[in-house]
1. Looking at region 101-117, I want the residues that are farther than 30 Å from Arg145 by Cβ and have a partner that is modelled with pLDDT under 95 with Cβ atoms under 7 Å, at least 6 apart or on another chain. Which pairs are those?
2. From the list Ala206, Ala182, Ala194, exactly one residue is assigned to a helix (DSSP H, G or I), surrounded by 13 or more Cβ atoms within 10 Å (Cβ to Cβ) and assigned by TED's automatic domain parsing to the domain that holds Val94. Which is it?
3. I'd like to check something: does region 125-134 contain any residue that is under 33 Å from the mean Cα position of the chain (by Cα), of a type outside the set (Asp, Glu) and not in a helix (DSSP H, G or I)?
Amino acid sequence: MSSLVDSLPPEAQAALAAGADVAAKILAQATSSPAALAASSGVAIGVPVVLWWRARYGGYAGKLQPVDVFTMLQNEDAVLVDIRTDEQRFQDGVVELKRAARDRGAVIPISRLEAALARQLRRADEVAFDIAAAQIAGLRQVTSRTKIIIMGEGEERAVKVARALRTVASRSAYVMQGGFSAWYREQLPLKYGAVDYSSSAGDYLADEAEVIAEKTTSLLSRLRDPPTAVLTAAALTLSGYTIYDIHSTLRFVGVAGMLLTLANRASRYDSPQDALDDLQGAYARVAGLLPGTRTRRPAVQPMMLDADDNAEDFGEEAEPQPVSSSSSPPSQKPVSNGV
């Protein structure tokens, strides 16, 4: 060791000696006080650990296993961002997102800057990641509460995009651990022959058919339970009889509705007399509607008034009454010729 120090230039030997003296003084002070020793140890160990953590995990929310990503897309407000190239997606396929996870995928490939532009930039790769991060922040699926998951072919480029998203849009994104390769190894759903995550009307119909099939399978499995099977058979038998004898069913429904109406009407009466009056009025209305039944109107006696009295009452003169041609003239006494 001494020969190595002696081989150094005089200036380096002087600097090394001064540094050794400072280190010896710090070590002597730290050993004399337990608190100082703990503080210096914490600084010596903690600072490198923090720097290592920031270099490895800093700038994004963390890493998720592919199966955890699959569960999050099905049950939470999340979006999967695929940053692979078009060739990789066409060759290897894309993640299949169905039912609740449908329309929760997006394609944001890393842009390749033109050679002339890249030569003018100081860090062309970082600029490409910043452009991808700005595009991710502007996705229509992304809101203030959406969890963003970045997926690349591996992890390296996805981590850089996630850190750029933190810098550009102040959003913490997750990174799929292992990337698309890990998804493929775990045999999670894949869709081949597609380069994006758009859905057609047929895809939505396929989702509905799958839901119906699952419900049917669940119902058939429940029918193996004897009580459930008995209740189901009874319901099917009742439904079949209802369809077979529809006239009796309609009569039963009509009678039941009438009884319910009468019960509801009876509950509104305050006394039996109110119910009796209502029944009499209903009977009178029904009797008037029956054929061959006429409602007899009470006879009205005409009021005969003398013409003079009638004129006096209304302040008018009595009009002369016309003489009917059928009335006989008044009788006259015969006149004798000798008188």
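The values are calculated or read from the model by the stated rules, or taken from the named source; none is laboratory data. This one's a predicted model, so the numbers in the text were calculated from it and none came from an experiment. Here the Cβ positions follow ideal geometry from the backbone for every residue, glycine too, while neighbour counts run over all protein chains shown.
1. Leu113/Ala124; Leu113/Val127; Leu113/Ala128
2. After ruling out the rest, the residue left standing is Ala182.
3. No, region 125-134 has no match at all.
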